[in-house]
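Here the structure is laid out as structure tokens; the discussion comes afterwards.
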Amino acid sequence: MTDQEFDVLDELYFVQSFAYLKEELSLSVIELKSVLHSLVKQGWIKCLYNMNDEVFEDELDFEKKYEEYFYLASKKGLLAHNGR
């Protein structure tokens with residue numbers, strides 16, 4: 001786990017928007033997008049349409065909609081974060 005992945009996961013114990021993450025973390029939009037994409041591919045975070053509704057893999061359009069999604073650490077992600 002990279003330091004950036006750790007920092008992003010640290011913010012995702014609760015559902016957060018892309019805008020919130022961008023404001024809270026000292027990452028550029030491109031860096032944040034890259035870290036989020038890596039975390040999604042590893043199964044460490046979930047994407048949501050809003051605060052409640054998960055975007056399932058067959059509906060996920062990360063490249064186009066990453067700024068619209070909300071994010072939440074998965075159980076796998078929380079275990080990886082806490083095990084570091």
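The values are calculated or read from the model by the stated rules, or taken from the named source; none is laboratory data. For clarity, every value in this text was computed on a predicted model and none was experimentally measured. Neighbour counts run over all protein chains shown; Cβ positions are idealised from the backbone, glycine included. Accessible surface areas use protein heavy atoms only, side chains included; no ligands, DNA or RNA. Shrake-Rupley method; radii C 1.70, N 1.55, O 1.52, S 1.80 Å.
The alpha-carbon atoms of the chain, seen along their principal axes, cover 31, 26, 19 angstrom, with the largest extent given first.
Using the beta-carbon distance between Glu23 and Lys65 and R0 = 25 Å, what value does 1/(1 + (r/R0)^6) give for FRET efficiency, to the nearest 0.05? Working shown, then result.
Numbers: r = 19 Å, r/R0 = 0.76.
Working from the Cβ atoms, E equals 0.85.
For the chain, relative contact order (Cα pairs under 8 Å, six or more residues apart, normalised by length) works out to 42 percent. Using a 1.4 angstrom probe on heavy atoms only, work out the carbon and sulfur share of the accessible area of the chain in %. Ligands and nucleic acids excluded, carbon and sulfur reach 49 percent. Note that region 6-84 presents 62 Å² accessible area per residue, ligands and nucleic acids not counted, probe 1.4 Å.
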